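Below you'll find the structure, written out as structure tokens, and then a few comments.
The values are calculated or read from the model by the stated rules, or taken from the named source; none is laboratory data. This is a predicted model, so every value here is computed, not measured. Ideal geometry is used to build each Cβ from the backbone, glycine not excepted, and the neighbour counts take in all protein chains shown. With ligands, DNA and RNA removed, areas are computed over all heavy atoms of the protein, side chains included. Shrake-Rupley method; radii C 1.70, N 1.55, O 1.52, S 1.80 Å.
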Amino acid sequence: MAALRPPSPIQRSDTPSGTPLGFFSAPFERFVRDDLSDFASGFTLLDTMETYFDSRLDLIQRSLTKHSDRLKVKADKAFQEVFKKEVLQKIRSPSGEVLADNLEREMQKFKLRVSQRMTSLAASWQSAKIVRTREKITFFFGVMSLLLTALMFGLYPQYIHIAYTIQAGYLLPMRAYYYKKRSWHYFLFDLCYYCTILNFVYIWILPSNPALFVACYCLSHGSLASAVITWRNSLVFHDSDKVTSLFIHIYAPLTFTVIRHFYPNAEQRFPALSELPHLKPFRALLLTGIIYLIWQLLYWKFVLIDRRKKIESGQRTTSFSFLLNDKRGVIGRSLSAFPQQLREAAFMLGQLLYSIITELPAVFLLYDSPFWSAMFLLLIFSVSVWNGGGFYIEVFGRKFERELEALRKELAEATSRSERSSPTFGPQSDDDLSTVAASPTLSIKAISPGISTVELPLEQIPPAQPDETRKDRHDYNLMTAFIFT
């Protein structure tokens with residue numbers, strides 16, 4: 001009996017029509033080529049984005065390179081061989097020497113501009129390639145972090161706080177380095193970083209402290225979670241700074257929601273929960289208020305007092321100065337209504353009230369309800385997704401559109417300059433040149449007693465090819481006009 005062979009994955013048909021892997025749409029059928037097609041199909045979104053943007057940048061680069069090469073070749077042939085070898089050898093008068101010097105100087109200027117332009121384009125291209133690679137890596141790890149978090153929440157919720165710690169161990173030092181490098185490190189004294197440190201103190205050092213758990217739970221579901229809306233955090237996977245901001249503000253409430261409602265046998269790992277079957281609203285708000293006031297006093301002393309000169313001189317930026325200068329925001333407009341000497345006190349008082357108000361849902365609803373806790377996290381996450389979609393579609397798309405529009409304007413200006421200029425030279429009053437109208441013969445009178453005319457041999461000028469396009473003639477005319485204007 002002949003040995004049975006399993007059918008090849010490519011030959012297997014999943015649709016009535018017999019088309020292999022028929023769930024692919026027509027633009028993606030090229031992925032169905034070998035046994036690795038299932039793996040490759042997982043990167044459809046990445047490949048689509050890369051193809052869309054990289055192809056356009058590549059077309060622009062190739063068009064500019066081809067255009068520059070064609071201009072350089074025509075300039076070398078038309079002017080170095082014809083004018084430099086023929087005209088400059090025959091003209092020996094003082095006016096002829098001036099013409100030779102001007103022509104040589106213009107040619108050197110043009111070559112220098114072309115060289116600088118090509119160097120700039122090459123540097124920009126290399127820089128863009130490096131940036132795209134870094135953004136791809138950030139995008140990959142951002143998506144994988146979201147996927148692993150979802151799987152961990154459904155299968156192994158007891159590891160969520162470990163994932164929180166590991167990711168913070170990488171993202172927060174990177175944030176500190178990034179902000180210090182740009183003199184933004186005073187933002188690291190904000191409440192969200194203070195709460196993040198308290199969260200890790202509770203998780204790994206004081207898991208049996210009920211007061212600290214109440215403060216961490218309320219602040220994570222209050223000030224940190226609401227910051228996604230206040231600061232317009234967005235789920236933009238390719239931007240490490242936006243990913244870090246969203247992680248700080250959304251992973252803390254996720255972790256403490258899991259500890260409170262979904263962690264198996266949570267009282268064994270976090271003994272404080274056994275003493276807190278329910279929250280006492282007044283006590284919870286009082287504890288979080290005390291924790292907040294401790295941070296506010298430290299912030300006021302070490303930032304607003306000890307480093308006031310640097311902030312007022314503009315060397316450093318804080319969240320207070322940032323919000324105050326944001327005249328379009330509600331907080332900036334509200335603070336502008338207060339006198340200068342009262343703005344800091346008004347900001348700190350307003351931040352305290354904001355912290356207490358945002359903690360009310362956690363105290364009265366979320367702590368006792370797994371369902372509403374899940375709905376709360378879904379709401380916050382939906383806001384970040386909506387903001388991220390706005391970034392990708394509006395901001396990123398409009399930026400690319402502006403770049404294309406700038407390129408169109410640059411090409412249009414070059415075209416208009418070429419139309420205003422012409423390679424045809426009329427009579428010159430200084431040396432009484434005869435008209436040159438698309439002719440290779442240049443007549444020069446009164447330049448020198450010994451030279452009446454200069455005949456340029458026709459064989460030195462490249463003849464027009466039968467299939468020469470209007471674009472080639474236009475490039476030649478543009479180059480001629482540029483040298484003589």
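Listed by first and then second residue, the pairs linking a residue in segment 270-283 that is in the same structural domain as Ala215 (by the TED database) to a residue that is assigned to a helix (DSSP H, G or I) and hydrophobic (A, V, I, L, M, F, W, C), with Cβ atoms under 6 Å apart and 6 or more places separating them unless they lie on different chains, are Phe270/Ile259; Ala272/Phe213; Leu273/Ala266; Leu279/Val363; Pro281/Val363. Considering only segment 205-259, state which residues are closer than 26 Å to Phe364 by Cβ and small (Gly, Ala, Ser). Listed by number, the residues that qualify are Ser208, Ala211, Ala215, Ser220, Gly222, Ser223, Ala225, Ser226, Ala227, Ala252. When Leu219, Leu279 are checked against the criterion of being open to solvent by 10 Å² or more (accessible area, probe 1.4 Å) and more than 31 Å from the chain's Cα centre (by Cα), Leu279 stands alone in meeting it. If the requirement is being touching a residue at least 12 places away in the same chain (Cβ under 8 Å) and among the aliphatic types (A, V, I, L, M), which of these qualifies: Ala252, Ala337? Every option except Ala252 fails the conditions. In segment 370-395, the qualifying residues are those that are open to solvent by less than 20 Å² (accessible area, probe 1.4 Å) and of a type in the set (Ser, Thr, Tyr), and the one that is farthest from Gly222 (Cα to Cα) is Ser384.
Taking every residue in segment 219-238 that is outside the structural domain of Phe200 (by the TED database) and pairing it with any residue that is open to solvent by less than 10 Å² (accessible area, probe 1.4 Å) and assigned to a helix (DSSP H, G or I), at least 6 positions away or on another chain, yields no pair with a Cβ-Cβ distance below 7 Å. Restricted to segment 323-358, and to residues there that are at pLDDT below 85 and of a type in the set (Gly, Ala, Ser), the residue that is least open to solvent (accessible area, probe 1.4 Å) is Gly332.
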